[in-house]
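S.K.: First, the structure itself, so that you have it in front of you.
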Amino acid sequence: MSWKERTCMSERREFVTTAATGEATLSELSREYEISRKTAYKWLNRFAAEGWDGLTDRSRRPHHSPRRASPTAEALVCDLRRQHPKWGGRKIHYRLVGDGYADVPAPSTITDILERNGLLESDRRPAKAWQRFEAEKPNDLWQMDFKGHFATEEGRCHPLTILDDHSRFNICLAACTDERTETVRRQLVRAFERYGLPERMLMDNGPPWGSGYVVQPHTHLTAWVIRLGIRVSHGRPYHPQTQGKEERFHASLKLEVLSGAPTWQGFSDVQGAFDAWQPVYNYRRPHQALAYATPASRYAPSPRPFPDRLPDIEYLPGDRVRKVQIGGEISFHGRTFHVGRAFCGEPVALRAVGDGVWEVYYCHQRLGKLDLASPPALEV
């Protein structure tokens, strides 16, 4: 038990003085002063060794503090946090290690430093566990989406983002004035010219790259992408987790760039902020999903260059080729089948896969299946 708070020092003096008289046993004195025998022996031993000074309280601070960083390390941690206010202990730890600093504090120690210096947000929420796939190599798959638009003094900004699935490397971060086909096409040309062509691209079902229909999801934009030799995939409707990496990137973009920002003056103002943050994200910011490596450390441009002109469309010798009419239909075996307006004026191939069953292709992309024994509809 502890000493009575109101007369702590005076009771210790009285206790050792009384004990020295020998008029009461140690057990009796312990009960009278409401302390344990262990505490009684402690104060008697301290008094014997140090006199009255031995009865004063001593610091509880340990002689060795493994979680206490050096002043230099603490200054580095605080400086990096001020540069990147949304980075936590683990990101700061791996960034300092990557920069070659010695004696970098553990992530938990860095969290203590941030809290001690008033740099830790009090409303932190536990990270949500995502179940994600990952492409095997860089450029096997790019994900593309628009971040939710927001107001500027010049109009609403529509951030277009493209992410490499394997490395999380940000391919495109553009402050667009709209979400039209030509706007996206211009940004894709810049991305293809700089980084080459991916094997496949994943996008949602909304315009300009999705028609909103499961059976014929393609648009003129995705038809152009397919013509370049890129396979196109659309996520399941109402399942944004299909593009989980894009969703996570958008969350980081909002947290580290857009949240708390003043009113944006215009699109160049936004693009300037994007251009400043993009290299930080790609080359400096440790990524938890990459074992705290940076996206750039796992990315390399594609060996497939952007062509000067669209490649010719070629099909297999046994294919039946039909031209898509203005309404998106083809005629086959005396029947009319709708394959999508995205391919108007373009040749598609029908490839036999069974008795009266044909698969429809545009370039390398399988569009669906036709069954001559069923209603004239394209099946996915």
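Each row is one residue, and each column tells you yes or no for (1) loosely packed, with under 13 Cβ neighbours inside 10 Å; (2) out of contact with any Ser or Thr (no Cβ under 7 Å at 6 or more places or on another chain); (3) more than 17 Å from ARG366 (Cα to Cα).
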| site | (1), (2), (3) |
| --- | --- |
| GLY210 | no, no, no |
| LEU221 | no, no, no |
| ILE226 | no, yes, no |
| GLU246 | no, no, yes |
| PRO279 | yes, yes, yes |
| PRO295 | no, no, yes |
| PRO311 | yes, yes, yes |
| GLU314 | yes, yes, no |
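S.K.: Report the residue count in the range 34-55 for those that are of a type in the set (Val, Ile, Thr) and part of a loop (DSSP other than H, G, I, E, B).
M.R.: 1
S.K.: Continuing with the same structure: Would you mind finding the one in SER70, SER59, SER30, SER65 that is at pLDDT 80 or above and among the hydroxyl-bearing types (Ser, Thr, Tyr)?
M.R.: The match here is SER70.
S.K.: So, one more: For GLY318, are the conditions met, namely being in contact with a Lys or Arg (Cβ under 9 Å, 6 or more places away or on another chain), assigned to a loop (DSSP other than H, G, I, E, B) and within 26 Å of PRO207 (Cβ to Cβ)?
M.R.: no
S.K.: Let me ask something additional. Got a number for residues in the range 34-53 being modelled with pLDDT under 75 and closer than 15 Å to ALA19 by Cβ?
M.R.: Residues in the range 34-53 being modelled with pLDDT under 75 and closer than 15 Å to ALA19 by Cβ: 1 in total.
S.K.: For the range 321-340, which positions are in contact with a Ser or Thr (Cβ under 9 Å, 6 or more places away or on another chain), within 15 Å of LEU367 (Cα to Cα) and in a loop (DSSP other than H, G, I, E, B)?
M.R.: GLY340
S.K.: Tell me, yes or no, whether the range 266-287 has at least one residue that is of a type in the set (Val, Ile, Thr), without any contact (Cβ under 8 Å) to a residue 24 or more places away in the chain and within 30 Å of GLU154 (Cα to Cα).
M.R.: No, the range 266-287 contains no residue that is of a type in the set (Val, Ile, Thr), without any contact (Cβ under 8 Å) to a residue 24 or more places away in the chain and within 30 Å of GLU154 (Cα to Cα).
S.K.: Confirm whether LEU350 is surrounded by 16 or more Cβ atoms within 10 Å (Cβ to Cβ), among the aliphatic types (A, V, I, L, M) and not assigned by TED's automatic domain parsing to the domain that holds TYR281.
M.R.: Spelling it out, LEU350 is indeed surrounded by 16 or more Cβ atoms within 10 Å (Cβ to Cβ), among the aliphatic types (A, V, I, L, M) and not assigned by TED's automatic domain parsing to the domain that holds TYR281.
The values are calculated or read from the model by the stated rules, or taken from the named source; none is laboratory data. Keep in mind the model is a prediction, meaning the values are calculated, not measured. Cβ sites come from the backbone with ideal geometry, for glycine too, and all protein chains shown count toward neighbours.
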